[in-house]
1. I'd like the accessible area for K28, computed on protein heavy atoms only with a 1.4 Å probe and all protein chains in place. Round to 10 Å², please.
2. Figure the gain on full extension for D19 and S55 (residue separation times 0.36 nm, minus the Cα-Cα span) and round it to one decimal in nm.
3. Quantify, in whole percent, the carbon and sulfur part of the accessible surface of the chain (1.4 Å probe; protein heavy atoms only).
4. Could you point to the residue in L58, V75, V2 farthest towards the positive end of the chain's charge dipole, with +1 and -1 charges on the Cβ of Lys/Arg and Asp/Glu respectively?
5. Ordering L57, L5 by accessible area with a probe of 1.4 Å, largest first, what comes out?
6. Would you mind working out the magnitude of the charge dipole of the chain relative to its Cα centre, with +1 at each Lys and Arg C-beta and -1 at each Asp and Glu C-beta, to the nearest 20 Debye?
7. For the pair K47 and L5, what calculated FRET efficiency results from E = 1/(1 + (r/R0)^6), where r is the Cβ-Cβ distance and R0 = 30 Å, to the nearest 0.05?
8. Could you tell me, in Å, what Rg and Dmax come out for the Cα atoms of the chain?
Amino acid sequence: MVIVLFRHGEAEDRVDLRDDGLRSLTAKGRKRTKKMAKIVNKLLPRKCKIQIWSSPLLRALQTAEILAEQVGVKV
């Protein structure tokens, strides 16, 4: 069994009046996340069962979707 913890990418700055859970990834955060997801995909054993679990926070879900796209699974 292999467990990989993958932290969300860079998110928008927090605005005091906005719900923290609604902060989205920045363009830089998306780009870096995609780059890291490609590296993780290369390091994963082939033909292993992959599951991606995510926090319900927007930035975490966006990160999980990018990772899922790279490894070919659903969140």
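The values are calculated or read from the model by the stated rules, or taken from the named source; none is laboratory data. In this text the structure is predicted, and so the values were computed from the model without any measurement. We place every Cβ from the backbone using ideal geometry, glycine too, and count neighbours over all the protein chains shown. Keep in mind that these areas ignore ligands, DNA and RNA; they rest on the heavy atoms of the full protein, side chains included. Shrake-Rupley method; radii C 1.70, N 1.55, O 1.52, S 1.80 Å.
1. Spelled out: K28, probe radius 1.4 Å, area about 110 Å².
2. Values: separation 36, 0.36 × 36 = 12.96 nm, distance 1.50 nm.
Here the answer is 11.5 nm.
3. Values: 3350 of 5980 Å².
The nonpolar share, carbon plus sulfur, comes to 56 percent.
4. Of the candidates, V2 comes out farthest on the positive side.
5. Values: L57 60, L5 160 Å².
Listed by decreasing accessible area, they come as L5, L57.
6. Working: 17 positive and 8 negative charges, 121 e Å.
For the chain, the charge dipole is close to 580 debye.
7. Working: r = 22 Å, r/R0 = 0.73.
Approximately 0.85, to the nearest 0.05.
8. Spelled out, the Cα radius of gyration and Dmax of the chain are 13.1, 46 Å.
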